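See structure below.
The values are calculated or read from the model by the stated rules, or taken from the named source; none is laboratory data. All values reported here derive from a predicted model rather than from experimental measurement. We place every Cβ from the backbone using ideal geometry, glycine too, and count neighbours over all the protein chains shown. Accessible surface areas use protein heavy atoms only, side chains included; no ligands, DNA or RNA. Shrake-Rupley method; radii C 1.70, N 1.55, O 1.52, S 1.80 Å.
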Amino acid sequence: MEAGRALGDVRTWGPLLFFQMRRLGVDSVPIAVFIAVFTGIVLALLSSYIFTGAVPLYFVGALVGKTVMMELGPVLTGMALAGRVGANIAAELGTMKVTEQVDALETLAYDKYSYLVVPRVLAATLMFPVVTAFAMAVGVTAGWITAINLLDLSTPEFLKGLRMFYQFKDIWFGLVKSASFGAAVALMGCLRGLGSEGGAQGVGAATTRAVVLGCEAILVLDAFWALVLL
Amino acid sequence: MIALDDVYKSFGAKRVLRGVTLQVPDGENTVIIGRSGSGKSVTLKLIVGLLEPDAGQVTVDGAVVQHLDREALTELRGRIGFVFQFAALFDSMTVADNIRLGLARRAVPGDEIERRVGESLAVVGLEGSEAKYPAELSGGMRKRVGIARAVALRPRYILYDEPTTGLDPVTSADMNELMVKTRDLGVTGVVVTHDMRSAYAVGDRIAMLHDGAIRQVGTPAELQATDDPVVRQFIEGRPDERTAV
Ligand SMILES: Nc1ncnc2c1ncn2[C@@H]1O[C@H](COP(=O)(O)OP(=O)(O)OP(=O)(O)O)[C@@H](O)[C@H]1O
Ligand SMILES: [Mg+2]
């Protein structure tokens, strides 16, 4: 209801969207890449350890690919961004709330949902998948480099494993999930931020709450998508 | 016209307004005085619908504020400028952008916006501060940007929450003059203050808020001649009598 109406108000949020996309999305790439590199390395080593002897080693490629694209890419990136993006939004809007900047915005005849919430939620919904796609690519690459350098595996073997079980669905499953994570994280940040009371302490509490709720929402949504789409 | 009719407002167990009735005649400056915590800021926020009364009605131009839908409320706010007690400038924006924001919303054309930004900063004595950020300004300067932001809108009403608190005497006098001039341009003002010098200078009428209700309303001369001890104490600035020390 409230959200639908604010969403229709393109004139207000349109110009702000691009700025938020850059701030919430592009600036989050380094942390996502960092996480993906180490995830890829660990997955390659772990799978070779699990498979010792029993399963052909090229399955390392399959396990790294599947896990990074379907689960760890979206979820770990989501968690990291829940901290970064969720906290950022909650702290910013919380400070605006307790310093009456939100009230000031309303007296200037702006709608706080159209002006503050919609651009942030949309930006996060659009940018989480972009950042996650980066993370997927980097994670798989890191797994591959690890496999050919530290494991007794060649590039063709790694790719064979990667292709063997790959379905196009793996990627879009991961990306759809991450879009929903983005929406949830940003929404929690906005609601908690705008609900801040008091002063610095209130903003701090709201920020913590936003991050915790964002992470919880990611885990719940993760299970939900697994039930619905798999 | 702005009118409050038997307005009640509580926060939890704290009963702030208990039957406030006040008319703000068009084209005048109505000053609201009262002790700290008496509910002056709350009263202003009720008028623009930032807060809703628990009982009673606030009407602006015949419309009951709490019954307006979002669109009508937005439209109403377009007619009212609000000067916040603590300025409430957007700290991520420059001074000029703070002023532009409200003008852009009102579909004022671009060159007119720039003219008004310059003009409104000039009337508060801050020409040349366009590119500064609020964090780079002193408290009094921020306050004046807050006033400029409201004045630039050329609204029908301006609600000033303690416009002269924290300003030096000379700047205070300038702001008083600005509020009088603004009224002379036809803008109806509600001025919350506990600066009695300012109240006398800008007020066509002065209303005192006390114990959750309007204790007395009158012209500055009428208030000065009052024999109500509570009002006298306030306007003369005498300390509370202590029963025991
Ligand atoms: N959002 C709020 N939540 C809870 N209590 C509030 C809120 N806003 C105001 N109050 C309470 O209402 C009372 C009146 O506050 P208000 O800010 O209107 O005082 P004031 O007359 O403007 O005082 P001052 O001259 O110090 O600015 C205070 O006791 C305050 O604690
Ligand atoms: Mg106040």
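Go through the range B:148-176 and count every residue that is within 16 Å of ligand 1 (Cβ to nearest atom) and within 14 Å of chain A (Cβ to nearest Cβ).
4
Among the residues in the range A:106-117, are any away from chain B (no Cβ under 13 Å) and not polar (S, T, N, Q)?
Within the range A:106-117, one or more residues are away from chain B (no Cβ under 13 Å) and not polar (S, T, N, Q).
Could you look through the range B:21-31, keep only residues that are over 25 Å from B:Thr74 (Cβ atoms) and among the β-branched types (Val, Ile, Thr), and pick out the one that is nearest to ligand 1 (Cβ to nearest atom)?
B:Val31
Return the only residue of B:Gly37, B:Gly49, B:Gly81, B:Gly12 being among the small types (Gly, Ala, Ser), within 14 Å of chain A (Cβ to nearest Cβ) and exposed (fewer than 14 other Cβ atoms within 10 Å of the Cβ).
Result: B:Gly12 is the single residue among B:Gly37, B:Gly49, B:Gly81, B:Gly12 that is among the small types (Gly, Ala, Ser), within 14 Å of chain A (Cβ to nearest Cβ) and exposed (fewer than 14 other Cβ atoms within 10 Å of the Cβ).
Among the listed residues B:Val191, B:Val217, B:Val187, B:Val145, identify the single one that is away from ligand 1 (no atom under 16 Å from the Cβ), closer than 17 Å to B:Ser38 by Cα and either modelled with pLDDT of 95 or more or in contact with a Phe, Trp or Tyr (Cβ under 6 Å, 6 or more places away or on another chain) (or both).
It is B:Val217.
Look through the range B:84-97, keep the residues that are open to solvent by less than 10 Å² (accessible area, probe 1.4 Å), at pLDDT 95 or above and facing chain A (nearest Cβ under 9 Å), and return whichever of them is nearest to ligand 1 (Cβ to nearest atom).
B:Phe84
Name the residue, out of A:Leu76, A:Leu63, A:Leu46, A:Leu57, that is open to solvent by 50 Å² or more (accessible area, probe 1.4 Å) and not in a helix (DSSP H, G or I).
Only one candidate qualifies: A:Leu57.
When B:Leu44 is evaluated against the numbered criteria (1) crowded, with 23+ Cβ neighbours inside 10 Å; (2) away from ligand 1 (no atom under 12 Å from the Cβ), which criterion, by number, is the only one it fails?
With respect to (1) crowded, with 23+ Cβ neighbours inside 10 Å; (2) away from ligand 1 (no atom under 12 Å from the Cβ), B:Leu44 is out only on (2).
Search the range A:202-230 for residues that are open to solvent by less than 40 Å² (accessible area, probe 1.4 Å) and pair each with any residue that is not in a helix (DSSP H, G or I) when their beta-carbon atoms are under 6 Å apart and the residues are at least 6 apart or on different chains.
Partner pairs satisfying both residue conditions: A:Gly202/A:Ser196; A:Val203/A:Ser196; A:Ala206/A:Ser196.
Got at least one residue in the range B:156-166 being of a type outside the set (Asp, Glu), open to solvent by 10 Å² or more (accessible area, probe 1.4 Å) and within 16 Å of ligand 2 (Cβ to nearest atom)?
The answer is yes; a qualifying residue exists.
Scan the range B:24-34 for residues that are open to solvent by 20 Å² or more (accessible area, probe 1.4 Å) and either within 16 Å of ligand 2 (Cβ to nearest atom) or within 22 Å of B:His194 (Cβ to Cβ) (or both) and jot them down.
B:Glu28
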